[in-house]
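Notes for the one structure printed next.
The values are calculated or read from the model by the stated rules, or taken from the named source; none is laboratory data. This one's a predicted model, so the numbers in the text were calculated from it and none came from an experiment. Ideal geometry is used to build each Cβ from the backbone, glycine not excepted, and the neighbour counts take in all protein chains shown. Accessible surface is based on the protein model in full, side chains and every heavy atom, while ligands, DNA and RNA are left aside. Shrake-Rupley method; radii C 1.70, N 1.55, O 1.52, S 1.80 Å.
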Amino acid sequence: YASSSKFEAFAFVVSATLIGTQSVLHAKCLSMIMQLCIAKDDQFASYHKGTVWCILISWIVTAAIYIHRINRGLQLYSPQFFIPCMTVCFAFFTMVCGGIFFNEFAELSKLAIAFFCIGTLMIFFGVAQLDTDSTDIAVAPVEQSKVAVINEDTPNKPTSSGDSSIELGKEVGN
């Protein structure tokens, strides 16, 4: 993991947020279906019920995959890099997906579209300013042999179960 590049980390973020964007798309479709059901047009009883169930299952699957990818990304990469990039990419792809799929951009004037683009670029520029050293991008996995076993009788003191251990977040050797 220590050799992770910024490109690799950013590619991971983009792949995860594209899945999360699909989750939002399915959730919005489900909310529109629920509005129809509330208006006495039960979509679960119509000939569209197969599509409704596919959307519901797709929403659950994409949400679960997205949550898993977030957790995996936090294990692999520095939170100082991962969280801002994930947030900005998720917001960007969700806006673009909603704008295209639900035809939301058709309602915007040319001036509004220009300001949308400028605002989006400013957000990306702002996150780029949070740039960390390439060595800070990856988080090295914790080795199991370095974990301290704490003696119940003497808290904060490791037992002599190995040649080195971690006490209060720092490596201590014999």
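Among the residues of this structure, Q43 does not count as one that is open to solvent by 40 Å² or more (accessible area, probe 1.4 Å), among the polar types (S, T, N, Q) and more than 27 Å from the chain's Cα centre (by Cα). Screening segment 97-115 for residues that are in contact (Cβ under 8 Å) with a residue 12 or more places away in the chain and in a helix (DSSP H, G or I) and picking the one that is least open to solvent (accessible area, probe 1.4 Å) gives G98.
Candidates are the residues of segment 46-57 that are open to solvent by 80 Å² or more (accessible area, probe 1.4 Å) and either of a type in the set (A, V, I, L, M) or not in a helix (DSSP H, G or I) (or both); the one that is nearest to K28 (Cα to Cα) is I57. Taking segment 58-84, which residues are out of contact with any strand residue (DSSP E or B) (no Cβ under 8 Å at 6 or more places or on another chain), open to solvent by less than 50 Å² (accessible area, probe 1.4 Å) and farther than 15 Å from I19 by Cβ? Within segment 58-84, F81, F82, P84 meet the criteria.
Kindly evaluate L36 against the criterion of being open to solvent by 40 Å² or more (accessible area, probe 1.4 Å) and outside any loop (DSSP other than H, G, I, E, B).
In short, yes.
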